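The values are calculated or read from the model by the stated rules, or taken from the named source; none is laboratory data. Small disclaimer: the values here were computed from a predicted structure and weren't measured. Backbone-built Cβ (ideal geometry, glycine too); neighbour counts: all protein chains shown. Ligands, DNA and RNA are excluded from the accessible area calculation, which covers all protein heavy atoms including side chains. Shrake-Rupley method; radii C 1.70, N 1.55, O 1.52, S 1.80 Å.
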Amino acid sequence: MNRVSVAIDQWRQEMPDLDLLPMELTARLTSVGRHLSHQYLEPFFKARGLQPREFDVLATLRRAGAPYALTPTQLFEVLMLSSGGMTNQLDRLEKAGLIARQPNPADRRSMLVTLTEAGLGLVNEALPQHVNNEARALATLSREEQQTLNALLGKLQDGLEAKAPD
């Protein structure tokens, strides 16, 4: 029996009249996220010399399409990082030769962050491996169960984001 089930069973004994489903679901989502991160995502990125957020920056630039360039503000908005956190990520990626910062030809007051050839190569090589790694993590569920869970989590995410303050 997993930790969430043990805790919920204990609460049911102590407070049998309390509807514990919200607590159980929240605890399971948190636990699943922690397991995915520690067992699958962090080791995958570490083996490639990256932190998960660094890969997020590279992948965001890649999925923007050629010329694989965005302003720091665009990256900040998509990745929901603080400006200080974004600067640290960009500094590390630039030092590793995976991105370059250059003046924005459309706006002299801003910069563009672009993937270098090395950064593009890394993302193109790592992304299929990353998806396969995620597939291994989800292999306990059938394809149909994954689709159902995806739809339900999407609905939950939409509801939470609609209620979030700007």
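Points to keep in mind about this one:
- Surface calculation, 1.4 Å probe, protein heavy atoms: Ser142 sits at approximately 50 Å² accessible.
- Centre-to-centre, using Cα atoms only, segment 1-71 and segment 99-118 are separated by 32 Å.
- Each residue of segment 30-40 was assigned a 3J(HN,Hα) from its phi angle through the Karplus curve 6.51 cos²θ - 1.76 cosθ + 1.60 (θ = phi - 60°); the sequence is 5, 5, 4, x, 5, 5, 4, 5, 6, 8, 10 Hz, with glycine and proline shown as x.
- Ranking Val131, Ala69, Ala7 by how far each Cα lies toward the positive end of the dipole of the chain (charges on Cβ) leaves Ala69 at the top.
- Accessible area per residue was computed with a 1.4 Å probe on protein heavy atoms; Tyr68 scores about 50 Å².
- Tensor-based shape of segment 81-166 (alpha-carbon gyration tensor, a/c under 1.5 rounded, otherwise prolate or oblate): oblate
- Ranking by accessible area, most exposed first, for Leu61, Leu153, Leu70, Leu25 with a 1.4 Å probe: Leu25, Leu153, Leu70, Leu61
- Here the spin labels are modelled as points 7 Å beyond Cα on the Cα-Cβ line, and at Leu149 and Arg92 they lie 2.8 nm apart.
- Estimated [θ] at 222 nm from DSSP helical runs (n ≥ 4, -39500 (n - 2.57)) normalised by residues in the chain, nearest 500: -20500 deg cm²/dmol
- Solvent exposure of segment 1-79 as accessible area per residue, Å², 1.4 Å probe: 68
- Straight-distance crosslink candidates among lysines, where the alpha carbon sits under 28 Å from Lys95 and sequence neighbours closer than 8 are dropped: Lys46
- With every protein chain in place and a 1.4 angstrom probe, the accessible-area ranking of His38, His130, largest first, reads His38, His130.
- Normalising the average separation of contacting C-alpha pairs (under 8 angstrom, six or more residues apart) by the number of residues puts the relative contact order of the chain at 18 percent.
- Degrees between helix 52-63 axis and first principal axis of the chain (Cα, 0 to 90, nearest 10): 60
- Check: the chain dipole with +1 on Lys, Arg Cβ and -1 on Asp, Glu Cβ, in debye: 580
- Among the listed values (1) 17.1; (2) 15.5; (3) 18.8, the one computed from these coordinates for Kirkwood radius over Cα pairs in Å is (3).
- Within the accessible area of segment 39-162, the carbon and sulfur atoms contribute 54%, probe 1.4 Å, all protein chains present.
- Between Leu112 and Gln102, Asn104, the built amide H atoms are under 5 Å apart, and every one of these is 5 or more places off in sequence or on another chain.
- Using alpha-carbon coordinates, inclination of helix 143-163 to the longest axis of the chain, degrees: 80
- For Thr30, the solvent-accessible surface computed with a 1.4 Å probe is close to 70 Å², ligands and nucleic acids excluded.
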